[in-house]
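Participant: Mind having a look at this structure? Questions to follow.
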């Protein structure tokens, strides 16, 4: 529906300023048939511009290398707790981690 210019034009602030909704109002907070929090919109924008690593890409990288979450943390030089946050989607995955994953791929391909 968001590819339809008429539907897209129905965008409005929702959740008391904490998000955006499209379509007819269906609730007291201003939500509609499609609504997204500001955090989700920020995360999607970061993934689309290459500033954040998509969660699915992080999981695929870890699984492709046969690494557990703690092993992935050790390989990337991050704490196991942060790797678990990234794996669960609790924290956005920064570009530095994305680049570290690409670096591991490049080193393993060259070996």
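Participant: Nearest 500 deg cm²/dmol is fine: what mean residue ellipticity at 222 nm does the chain get from its DSSP H runs of n ≥ 4 alone, each adding -39,500 (n - 2.57), divided by its residue count?
Facilitator: Working: 6 runs with 58 residues, N = 111.
When only DSSP H runs of four or more count, the value is -15000 deg cm²/dmol.
Participant: Cα convex hull of the stretch 5-44: how many Å³ per residue? If you can, show how the numbers build up before the last one.
Facilitator: Working: hull volume 2.3 nm³, N = 40.
So the per-residue Cα hull volume is 57 Å³.
Participant: How long is the chain along each principal axis, judged by its Cα atoms, biggest number first, in Å?
Facilitator: Result for the chain: principal-axis Cα extents of 55, 27, 19 Å.
Participant: Once you place label points 7 Å from the Cα toward the Cβ at residue 2 and residue 74, how far apart are they in nm?
Facilitator: 3.9 nm
Participant: Which order do the peptides 100-111, 37-48 take when ranked by the mean count of other beta-carbon atoms within 10 Å per residue, highest first?
Facilitator: Numbers: 100-111: 11.5, 37-48: 13.7.
Top of the packing list down: 37-48, 100-111.
Participant: Taking Cα atoms, how many degrees apart are the long axis of helix 95-110 and the longest axis of the chain, rounded to 10 and kept between 0 and 90?
Facilitator: The answer is roughly 40 degrees.
No lab work stands behind these numbers, since they all come straight from the coordinates. Remember, it's a predicted structure, so these values are computed and weren't measured experimentally. Here Cβ is always computed from backbone atoms with ideal geometry, including for glycine, and neighbour counts include all displayed protein chains.
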